[in-house]
Amino acid sequence: MSFNTFGRALRFTTWGESHGPGLGVVIDGCPPGLRLREEDIQPFLDARKPGQNRYTTQRREADRVQIMSGVFDAGEGQVTTGTPIHLMIANTDQRSKDYSQIARSYRPGHADYAYDAKYGVRDYRGGGRSSARETAARVAAGAVARAIIPEVKLTAYVCELGGDAIDRDVIDYDTIRQNPFFCPDSWAATRWAEKVEAVRKDGSSLGAVVECVAEGVPAGWGAPVYGKLDADLASAMMSINATKGVEIGDGFEAARLTGEQNADPMRPGEKEGDPPVFESNHAGGTAGGISTGQPVVCRVAFKPTSSILKPVASITADGKATEVSTKGRHDPCVGIRGTPVVEAMMALVLADHKLLHRAQVAKR
């Protein structure tokens with residue numbers, strides 16, 4: 001397996017499995033002199049960690065991060081040195097016995113069969129490398145990326161759960177962390193609590209859509225033709241476990257509009273030399289793969305969790321018919337805890353493109 005690294009100027013490599021001793025990430029290309037302490041990383045991991053409420057998996061992991069390399073305290077606080085940063089997170093609450101019944105069977109919708117077909121061996125304990133547990137390392141890396149892009153404000157939230165969407169007229173960012181669903185609509189959060197509780201008791205799961213908005217991205221990040229900002233965002237988001245679709249800006253809705261409806265009209269800034277003012281943002285903050293100075297908007301569709309108690313027809317490793325019912329501790333809606341992961345991947349892509357932009361047009 002040779003594709004565990006993402007990025008170009010800012011590269012990160014994740015390692016580890018769901019039920020191994022731990023997992024982590026090595027980040028290379030981070031500029032020196034940036035403040036970085038474990039306390040700067042931990043809040044983002046706390047937002048993603050399991051077992052925080054009844055609507056997520058009850059696996060209990062502290063997800064405490066350790067910085068193993070790449071920082072130094074020169075007397076004014078710990079800063080990056082420009083060398084590889086190694087972050088490690090221990091696994092402390094594995095229950096591998098929960099997976100003994102699927103050791104020789106494939107969970108439909110999960111990566112079990114595909115991994116076995118490719119490698120001839122699979123870690124059935126929680127899915128091993130295919131587990132969403134791997135995303136903890138990405139969230140830690142995303143915290144480092146944020147130190148590179150302090151000018152950017154990132155906000156991710158669930159905008160649809162189980163087919164029930166938020167009311168965009170009442171979006172309130174302040175409510176996102178006040179409910180267990182990262183929901184900016186308090187009434188929708190109340191409805192979702194009933195939906196998730198019902199599906200959890202039924203032994204099934206639900207899908208969700210997560211939206212991420214990056215404000216403060218200047219015009220000019222990204223490059224034609226194969227270095228497009230939106231293309232890299234799509235690649236980053238599709239790499240997240242359980243992701244089945246990505247939209248930039250209006251996404252598929254843009255295909256249902258006319259040219260004049262989809263256009264983002266521009267008018268001059270208030271003063272000479274000011275950037276243009278856009279009257280809409282159907283494009284989601286990019287044009288030709290390059291940022292326009294508008295908010296960069298990305299939506300990610302998460303499928304329902306594949307590990308469910310309800311029996312589903314499948315086959316065994318030797319090709320015999322069977323039914324699979326997955327016991328253990330699983331998220332009834334993986335998209336909920338996917339929200340901090342989407343935000344982290346947005347940060348990592350933007351940080352990478354900022355460094356690439358600086359390298360190519362440093363004098364501008």
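The values are calculated or read from the model by the stated rules, or taken from the named source; none is laboratory data. Just so we're clear, the structure is a prediction, and the values are computed from it rather than from any experiment. Don't worry about glycine lacking a Cβ; one is built from the backbone with ideal geometry, like all the others, and counts go over all protein chains shown. The area values use the complete protein model at the heavy-atom level, side chains included, leaving out ligands, DNA and RNA. Shrake-Rupley method; radii C 1.70, N 1.55, O 1.52, S 1.80 Å.
Okay, here's what the table says:
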quantity: Selection status of ALA214, outside any loop (DSSP other than H, G, I, E, B) and either modelled with pLDDT of 95 or more or surrounded by fewer than 16 Cβ atoms within 10 Å (Cβ to Cβ) (or both); calculated: yes
quantity: Test: GLY269 is modelled with pLDDT under 95, farther than 25 Å from LEU161 by Cα and either under 20 Å from the mean Cα position of the chain (by Cα) or not basic (Lys, Arg) (or both); calculated: yes
quantity: VAL158 surrounded by 21 or more Cβ atoms within 10 Å (Cβ to Cβ), touching a residue at least 60 places away in the same chain (Cβ under 8 Å) and assigned to a helix (DSSP H, G or I); calculated: no
quantity: Restricting the stretch 8-55 to residues that are modelled with pLDDT under 95 and of a type in the set (Asp, Glu), the residue that is least open to solvent (accessible area, probe 1.4 Å); calculated: ASP46
quantity: Test: ARG168 is within 19 Å of ARG48 (Cβ to Cβ) and more than 15 Å from the chain's Cα centre (by Cα); calculated: no
quantity: Given (1) at pLDDT 95 or above; (2) hydroxyl-bearing (Ser, Thr, Tyr); (3) more than 17 Å from the chain's Cα centre (by Cα); (4) closer than 26 Å to ALA136 by Cβ, number of the condition SER235 does not satisfy; calculated: (3)
quantity: Filter pass, VAL209 being under 26 Å from LEU309 (Cβ atoms), open to solvent by less than 10 Å² (accessible area, probe 1.4 Å), of a type in the set (Val, Ile, Thr) and in contact with a strand residue (DSSP E or B) (Cβ under 6 Å, 6 or more places away or on another chain); calculated: no
quantity: Qualifying residue in the stretch 352-361 (condition: at negative phi, outside any helix (DSSP H, G or I), surrounded by 14 or more Cβ atoms within 10 Å (Cβ to Cβ) and of a type outside the set (A, V, I, L, M, F, W, C)); calculated: no
quantity: Count of residues meeting criterion [open to solvent by 80 Å² or more (accessible area, probe 1.4 Å) and without any contact (Cβ under 8 Å) to a residue 40 or more places away in the chain] in the stretch 218-272; calculated: 14
quantity: Wholly enclosed strands (runs of 3 or more DSSP E) of the stretch 56-153 bearing at least 3 residues within 30 Å of LEU350 (Cα to Cα), among the hydrophobic types (A, V, I, L, M, F, W, C) and at pLDDT 95 or above; calculated: 65-69, 85-90
quantity: Scan of the stretch 300-332 for residues that are open to solvent by 40 Å² or more (accessible area, probe 1.4 Å) and within 28 Å of VAL349 (Cα to Cα), ordered by number; calculated: LYS303, PRO304
quantity: Count - residues of the stretch 161-186 that are assigned to a strand (DSSP E or B) and buried (at least 20 other Cβ atoms within 10 Å of the Cβ); calculated: 1
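For (1) farther than 25 Å from ALA198 by Cβ; (2) small (Gly, Ala, Ser); (3) modelled with pLDDT under 95, each residue gets a yes or a no:
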| position | (1), (2), (3) |
| --- | --- |
| PRO295 | yes, no, no |
| THR305 | no, no, yes |
| GLY319 | yes, yes, yes |
| VAL324 | no, no, yes |
| ALA344 | yes, yes, no |
| ALA347 | yes, yes, no |
| ASP352 | yes, no, no |
| LEU356 | yes, no, no |
